[in-house]
1. Peptides A:171-182, B:462-473: what's the order by average Cβ count within 10 Å, highest mean first?
2. Which angle from 0 to 90°, rounded to the nearest 10, does the C-alpha axis of helix A:315-324 make with the longest principal axis of chain A?
3. Just to be sure I understand: of the beta bridges DSSP finds with both ends in chain A, what percent are antiparallel, rounded to 5?
4. So what is log10(I(q)/I(0)) for the protein assembly as shown at q = 0.05 1/Å, when the Debye sum runs over its Cα atoms only?
5. Hey, any idea what the orientation-averaged projected area of the convex hull of chain A's Cα atoms comes to, in nm²?
6. Please work out the ratio of the alpha-carbon Rg of the range B:158-231 to 2.2 N^0.38 Å and round it to two decimals.
7. Given Cα positions, please report Rg to Rh for the range B:414-504, the hydrodynamic radius being the Kirkwood one.
8. Which residue, A:195, A:288, A:305, tops the fluctuation ranking in a GNM of chain A built on C-alpha contacts under 10 Å?
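Here, each number is a calculation from the coordinates, and none is a lab measurement. Keep in mind the model is a prediction, meaning the values are calculated, not measured. All Cβ positions, glycine included, derive from the backbone under ideal geometry; neighbour counts span all protein chains shown.
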């Protein structure tokens, strides 16, 4: 290797460190478990409106990601993130319980219903996703499943799929069932899933692929995955499950400020921006998120949270269940 | 005083240079792997739970056994197909040799999770060749073995071809006086490249063993998934994950012992200072059938990439370009710098292993351990070690990705260099030493020029591994500094499939260009 190559590489290395390592004042760092394709345009909008650079770390529900939540926990007392924008309302409690969160009452959160925000300002929820059934219309032309209990019905043996309950929103869904049904009933339900040959996919995205591709007749996933499948032209029907009794699980995205973050003022500014009604409407239009505030217009195919019967859960309690059931869940999965 | 110190340093150059390399490897491998132990130490319950899990859970040992036999099957399948292909590609007049080399190398440019996505588009139930039976086969152990074998085949082909091209032409010419091409290939060239084959086997086994994305996509349980469950789930337990990684130590040790047994008692002084004879071995009547087989295998390995291209379409490709942003530059810059650093480490440690210099084996074992340990464990360790006030500038920059790459892939360069040096006679270095040339001078003036080809090969191979890396960088890339593979992965969850496929094609095309530039440089300069 000649000296020119070595010199070029050395200069490149130094430039990389300088470019990235220098602490910049006019920037805000956000870690988000909202899908990149959804979150990025929103964050771009903030950059354009305020001239503040946003540096983001995105998460994915796919199996290889350790997840930004665990990265936040690992970074612990020396957070690199100013803001955590979570795709669900439960994971923030794992940070709250560890004392990693700074309370901040955004003025833009005033019209968010109390059940979707913390009274002390530790977290604020908006634009929700729901857990829905997506059904392949070619395989099930009529009489689709209407409840998550159909996953264990003999009619659907070997024909349904859920995502791995150790990861992603399925973990929260299972924890919510533990909170509502209790241990015995939920464990029996999960064991019945196994007995009924329900496929355990690596993610909600894969559930979508399996149903769209006709590998299974129906699956349990999130509204944004369902919306994506519809946009791709997949032959699917979306069912909001359990509208007669249990209710559909609703998961508002939540935003919170990290304690000891490098840019607290800009972090608050970003939170204010995310909690505007315009952003919530934008998320309804781009990713079929359900507005939690009244009076926000939605596209024809998107329902408002207020129009649904949803599961009556305390997100804090679900968060506690989430941690408690992990060893049992690992055994259930076989890991 | 100063003069005496310098003289003392000069006398012990070998030791000091190795020690310096050792410090680098300790900082990027040993400290990060040790860091999770501290979290265990601070919580006795967690420690005892981790060991209880490991010793009492039969399921974990079953998973370990499953991973071992799946990886063994992948290794055997890759070797059976890859070594003959490498020999043919390296030394015969097979039709379209250069194009074939590039076609066979291409799949290694993509992370396996993208290749399995391509196979899903082909053989999934609603795929182009989809059927009930095909889908059932894809989502089985056989499917995992087939997908991974084809994904890692290029590594075996490349190392076998490199090995055979490094053999002194005079040895082959002497054999051809009395024997035909087939006998020369089987009885002369094949035994001479045992070290390259052993290296390929070790790399493929280690990659297959630590692979998580493909088995989980195809819903087959493997041991790394159990380790990942302690890091990727809600129950974040890096210490427990490290304890579960302990059984990998004997696996790494076993791999190294097997490789050493292949070396032991044999002379591999077959690498020539002179290069290839100009005429490749003529296959004669076998030329067309052999070419057809080679191109068929290349077609199979490239099939998932074709599927991704078809899925992307022109619209996806153009949209993919819109999404690339700075991620391509991040990938290229970090991979190039890491590859150059790995080549520098490899020159010292690889030479040390081949010449059995004290301490080299330990550094080799450390780099092998980092390669075999699940990336999630190494990544969380790097985060724990470098997210501190003193090293914050490093953790917040792309330099942290470079460190991660060096930690994980140094073994690729080290082993490539070790094999090359082991294939050459130490007589040149001994002669120089007899005339007073010290270690550094011998290394710079004799070893590196003599093994320039291997050094460039090691850098190129390291670049490929770094550029396609996903599982290491995804854990600690700096905010706004994501590499292209991470961008593809995060978009893969819910991004438009044509865009994901389009980005994968951009990645593959960039690798192709890098390979073409590298091989051109390889041909003219090395």
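1. B:462-473, A:171-182
2. On a 0 to 90 degree scale, this one is about 90.
3. Of the beta bridges lying entirely in chain A, close to 60 percent run antiparallel.
4. Summing over Cα pairs of the protein assembly as shown leads to -0.28.
5. So the Cα hull casts an average projection of 19.9 nm².
6. Working: Rg = 19.5 Å, N = 74, 2.2 N^0.38 = 11.3 Å.
Cα-based Rg divided by the globular estimate yields 1.72.
7. 1.28
8. Highest fluctuation of the listed residues: A:195.
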